[in-house]
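Here is the structure we will look at.
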Amino acid sequence: MMTRILTALAFILLFCTCGEETKTEDKRKVFNYNEIAGISSLDPASASSTENIWAINQLFNGLVQTDDQLNVVPAIAKKFSISKDGLTYTFILRNDVYFHDNPCFENNKGRRVTARDAEYSFNRLYDSRVSSALSLLNNIDRTEKTNFKGFAALNDSVFQIYLKKPFSAFLNMLTMKYFSIVPEEAVEKYKLDFRRNPVGTGPFQFKYWEEGNKLIMTRNNRYFEKDEQNNSLPYLDAVTVSFIKDRETSFMELLNGKFDMLSGADAMNINEVLDKNGELRDVYAKKFILQKQTYLKTDYIGILIDEKIDIVKQSPLRLKAIRQAINYGFDRSKMIKFLRNNIGTAAQAGFIPKGMKSFDETVVKGYTYDPDKVSKLLEEAGYPGGKGLPEITLHTTENFKEQLEFIQSQLAENNIKVAISIEKPAVLRQAVVSCQYTMFKKSWVADYADEENFFSLFYSPNFAPEGFNYFHYKNEAFDAAFDKALQEQDIPAKLKLYQQMDQMLINDAPVIPLFYDQVIRLVHKNVGGLTTNAMNLLDLRRVKK
């Protein structure tokens, strides 16, 4: 009973504001969406999952942000610069950004943001009790050279960050929601419970959250960004998030008009909604718009190739010719069409996904289905016609069983026998990190829009279990190019290095790229201004209903 009363009170608060003329519910412009995975925290220091990031993006801003073309543009910082040596980043802050009104402030009124708030927010990320961003701070120089600070507010408007060595991906990294600016007063008032009492500067402000049931955010009337006609953003009055875990139920709520959008193939039955060409079926096209957008995510099969590890010494996967043969041994395009309804693009270039600036199929040459090359490579490896080639075990989770059975079937036609072992996600994750499997299915999603984020998986100092190089791939030429790219400030030169690195990976084949993913959304036709981007970041600032 108490829960029902609290929920009712929350909706009353949403649609009524003290001191203003009361608006009726049907005149309020509210955007409603469902989050199947749930939200665990509204603290940007814990912004490690897509579902958390989507909500946090409505509540907070960082110094910089990305536009829909993945360019880094100002946010709380009105401009920024990088020193010639690439070690000092200077941010000049706006003077019209205010924190949301909250009891943590004097007279409950949100104050202006200063550079000291940026200094506090960055320092807070070193607190392992709340922060998931510790590894991202490694390149910040907190030595005697910087008075052991690493960054500093020079005055109310100027904030500087100091690096140990040049890191050309650093500005992109700062667009992650971890680096949002938070007020010390709120963190001190709510302590570890700041996760459910967020106070930021974003286009919407926190109103109510019953975990597992409903999250409500209302319009921030003092938001600093404006549109091209100088109108204040956002246009919406509120955003509500539901947490229905059942896919069929959430889809029915979309059909009934309760939700304005469903996002992701997992949120709907794609065979019901889309035809095999990936187009919206007629029955749904009358009511919805299908948004499809390149997503910075590569699905792949990884191979452990370190011959110092016992399970690799006797594995045929230690041979590059076998790894290349597997890459040539199945039809990625057919798999995408018939098993994913053309959601995604066959990975026939490198490991870097479509949407990244270095992606170019004419420069980086990947693998296509070619039985003749499979045959030649098997013979080169000493297994003509597959004779004597041991069966290879591929470890995966239940979600990808159908895709991998397709690959298994095609490889069998080309004399490569693969057994599929279905594991629980936690078991697979731990075994891959511990180098217990020679072949495994995984994916990698960009944390920020720089190829360094993907290539770091193959950098030899990042060997698992300490790092993410699950393949134990080591190539001195690759490592040298990686180091050089991180210091390269000239964009065309950096992209050329990235393309060279991508081709090295393809040639050495420690990985089998499967497809570059896509974001798909079903959006009601009464919704306008909902854009998409390759980072799959939900941006509701310009949405209208």
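The figures follow:
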quantity: Between helix 476-487 and the chain: long-axis angle, C-alpha atoms, 0 to 90°, nearest 10; calculated: 20 degrees
quantity: Ordering of 53-65, 224-236 by packing [mean C-beta count within 10 Å, highest first]; calculated: 53-65, 224-236
quantity: Positive dipole terminus of the chain, leading residue within Ala238, Val130, Leu389 (C-beta point charges); calculated: Ala238
quantity: Gain upon complete extension [Lys337, Ile309; 0.36 nm per residue less C-alpha separation]; calculated: 6.3 nm
quantity: Distribution of pairwise C-alpha distances over region 25-242, 5 Å bins, in %; calculated: 1, 7, 14, 19, 20, 17, 11, 6, 3, 1, 0, 0
quantity: For region 416-421, 3J(HN,Hα) per residue [Karplus equation, 6.51 cos²θ - 1.76 cosθ + 1.60, θ = phi - 60°, Hz, x = Gly/Pro]; calculated: 10, 8, 10, 9, 9, 10
quantity: Relative contact order (percent, whole number), region 243-363, Cα cutoff 8 Å, 6+ residue spacing; calculated: 23 percent
quantity: Computed magnitude of the charge dipole of region 281-384 (debye, nearest 20; Cβ of K, R +1, Cβ of D, E -1); calculated: 600 debye
quantity: When each of Lys149/Lys214; Lys165/Lys357; Lys191/Lys424; Lys79/Lys164 is checked by Cα-Cα distance, pairs over 29 Å; calculated: Lys149/Lys214; Lys191/Lys424
quantity: Angle between the chain longest axis and helix 491-508 axis [Cα atoms, degrees, rounded to 10]; calculated: 40 degrees
quantity: Antiparallel content of DSSP bridges confined to the chain, in %, to 5; calculated: 80 percent
quantity: Mean Cβ count within 10 Å, highest first, over the residues of peptides 262-269, 497-504, 181-188; calculated: 497-504, 181-188, 262-269
quantity: Point-charge dipole on Cβ atoms (K/R +1, D/E -1) for the chain, about Cα centre, debye to 20; calculated: 640 debye
quantity: Two-decimal ratio, the chain, of alpha-carbon radius of gyration to 2.2 N^0.38 Å; calculated: 1.04
quantity: Acute angle (nearest 10 degrees) that the helix 401-413 long axis makes with the longest principal axis of the chain, alpha-carbon atoms; calculated: 20 degrees
quantity: Under 22 Å from Lys376, Cα to Cα: lysines that are on another chain or at least 8 residues apart; calculated: Lys320, Lys365, Lys387, Lys417
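Every number in this text was worked out from the coordinates using simple rules, so none of it is lab data. What you see is a predicted model, and the numbers here were worked out from it, not measured in a lab. Backbone-built Cβ (ideal geometry, glycine too); neighbour counts: all protein chains shown.
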